[in-house]
Amino acid sequence: MQYIASLSYGKDSCAMLEVIHQHNMPLDRIVHVEIMATDTIPADLPPMMEFKSKADKIIKERYGIEVEHIHAKRSYEEQFYTIMRKGKHIGNIYGFPMVRGAWCNRALKMQCLVRLNKPTITQYIGIAADEPNRFHNLTDRKISPLVENDITEAQARIICKDIGLLSPIYTQSTRGGCWFCHNQSPGQLRLLRHQYPEYWALMLKWDSDSPVTFKPNGTTVHDLDKRFYWEDQQVSMDDVLAGRDKE
């Protein structure tokens, strides 16, 4: 049996490594699914990428295991522009993922994790003891060291802070996860536009090409761009529309 820890670099999965170490649980490999926005641009923002590099060194020194970064065959952009070959949308590119049946999680992450779903592998996953809504993910071959040792989310955060593995998503205004995710709040997208204009420009390009709107309510990235522009001018969209009505 091979024991593999699935690492996201969040507080729970990082604390999980320390719990495994402290309780002398078997561990053979540490694996992280690296998602790419394009062939050269990661899905994580620069502060998170810097943290991951720092964390890898700490993990290697502390636990003697090098983190393996695995990734899908395609980047988000490549899958975005892939033409559908079946279904009612045959002939169209995928474009932005739909909320229901979103292709991104399946194509960019889950297909990689399938490699770990073998009878000869036991997978450690970072689920805290006070997250009962996630316990359904646990099986005889998917184990949470945090649950087994009654470690809560708050305790996991303290563990990470003590060993230098607390992600900047908990201490700075840095988003965790994909910077192009359609599930982001307007506030997160506003920060992306202000702090990473080159990424925002790429999202505007994708928006122009996508047959699917960025948000399920019909909101496009261009709509958000206009909204954020006027908010920067301290003018609400209601004021803009009211002025247009008067013309």
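Report ³J(HN,Hα) in whole Hz for each residue of segment 51-57, in order, from the Karplus equation J = 6.51 cos²θ - 1.76 cosθ + 1.60 where θ = phi - 60°; Gly and Pro get x.
Using θ = phi - 60°, the values come out as 5, 4, 5, 5, 5, 4, 5 Hz.
Between D209 and S53, how high is the FRET efficiency from 1/(1 + (r/R0)^6) when r is the Cβ-Cβ distance and R₀ = 35 Å? Nearest 0.05.
Numbers: r = 32 Å, r/R0 = 0.92.
Efficiency, rounded to the nearest 0.05: 0.60.
If you build the Cα gyration tensor of segment 2-170 and take the root of 5 times each eigenvalue, what three semi-axes come out, in whole angstrom, biggest first? Let's see the in-between values first.
Numbers: eigenvalues 189, 69, 45 Å².
Its equivalent ellipsoid spans semi-axes of 31, 19, 15 Å.
Which ordering of H23, H222, H136 is given by a fewest-first count of other beta-carbon atoms within 10 Å?
Working: H23 10, H222 13, H136 7.
Fewest-to-most ranking of H23, H222, H136: H136, H23, H222.
Can you find, among H182, C160, S210, the residue sitting farthest towards the positive end of the charge dipole of the chain, where Lys and Arg contribute +1 and Asp and Glu -1 at Cβ?
S210
Place a point 7 Å from the Cα of K142 along the Cα-to-Cβ direction; which residues of segment 94-127 have their backbone N under 13 Å from it?
Zone members listed by number: 110-111, 113-118, 122-127.
From Cα pairs below 8 angstrom and at least 6 apart in sequence, can you work out the relative contact order of segment 2-170, rounded to a whole percent? Write out the running numbers ahead of the final one.
On the way: 247 pairs, mean separation 53.1, N = 169.
Relative contact order comes out at 31 percent.
If you take every DSSP beta bridge fully contained in the chain, what fraction is antiparallel? Give it as a percent rounded to 5.
Values: 2 of 15 bridges.
For the chain, the DSSP antiparallel bridge percentage is about 15.
Under a plain spin-label model, where a point goes 7 Å from the Cα along Cα-to-Cβ, how far apart in nm are T40 and Q234?
Using points 7 Å along Cα→Cβ, the separation is 4.0 nm.
Please order S53, S6 by the number of other Cβ within 10 Å, starting at the fewest. Provide the component values of the computation, followed by the final result.
Values: S53 9, S6 18.
The fewest-first ordering by Cβ neighbours comes to S53, S6.
Shape call for segment 16-62 from the C-alpha gyration tensor, a ≥ b ≥ c root eigenvalues: rounded (a/c under 1.5), prolate (a/b greater than b/c) or oblate? Intermediate results must be reported in sequence, preceding the final value.
Working: a/c = 3.36, a/b = 2.20, b/c = 1.52.
The shape class here is prolate.
If one computes the Cα centroid of segment 1-60 and of segment 194-236, what distance in Å separates the two points?
Value for the Cα centre distance between the two parts: 32 Å.
Any idea how far apart T219 and D162 come out in nm if each label point goes 7 Å out from Cα toward Cβ?
With each label point 7 Å from Cα toward Cβ, the separation is 4.1 nm.
Under a 5 Å amide H to amide H cut-off, with H placed in plane at 1.01 Å, what residues pair with E68 once short-range neighbours are removed?
Residues meeting the criterion, in which the H sits 1.01 Å from N, are I30, V31, H32.
Would segment 122-189 count as rounded, prolate or oblate if I go by the C-alpha gyration tensor, calling it rounded below 1.5 in a/c and otherwise prolate when a/b exceeds b/c, oblate otherwise? Let's see the in-between values first.
Working: a/c = 2.43, a/b = 1.45, b/c = 1.67.
It comes out oblate by the Cα gyration axes.
Could you give the dipole magnitude of the chain about its Cα centre, charging the beta-carbon of Lys and Arg +1 and that of Asp and Glu -1, in debye to the nearest 20?
Details: 31 positive and 31 negative charges, 164 e Å.
Dipole about the Cα centre, nearest 20: 780 debye.
Give a residue-ordered list of calculated ³J(HN,Hα) values for segment 104-114 (Karplus: 6.51 cos²θ - 1.76 cosθ + 1.60, θ = phi - 60°; whole Hz; x for Gly, Pro).
So the Karplus estimates, Gly and Pro as x, are 5, 5, 5, 6, 9, 10, 5, 4, 6, 6, 4 Hz.
Mind listing the long-range amide H neighbours of I93? Cut-off is under 5 Å, sequence gap 5 or more, other chains count too, H placed in the peptide plane at 1.01 Å from N.
M84
Using 0.36 nm per residue of separation minus the Cα-Cα distance, give me the extension gain between I83 and V99 in nm, one decimal. All intermediate terms of the calculation are to be shown ahead of the outcome.
Numbers: separation 16, 0.36 × 16 = 5.76 nm, distance 1.89 nm.
Separation in residues times 0.36 nm, less the Cα-Cα distance, equals 3.9 nm.
Which of the listed residues, I83, I143, L45, is farthest toward the dipole's positive end in segment 2-170, when Lys, Arg count +1 and Asp, Glu count -1 at the beta-carbon?
Of the candidates, I83 comes out farthest on the positive side.
Round to the nearest 10 and give me the degree value, 0 to 90, for the angle of helix 221-232's Cα axis relative to the longest principal axis of the chain.
Tilt relative to the chain: about 80 degrees.
Every read-out reported here was derived from the displayed coordinates using simple, explicitly stated rules and does not represent laboratory data. Here the structure is a predicted model, which means the values were calculated and not measured. Here Cβ is always computed from backbone atoms with ideal geometry, including for glycine, and neighbour counts include all displayed protein chains.
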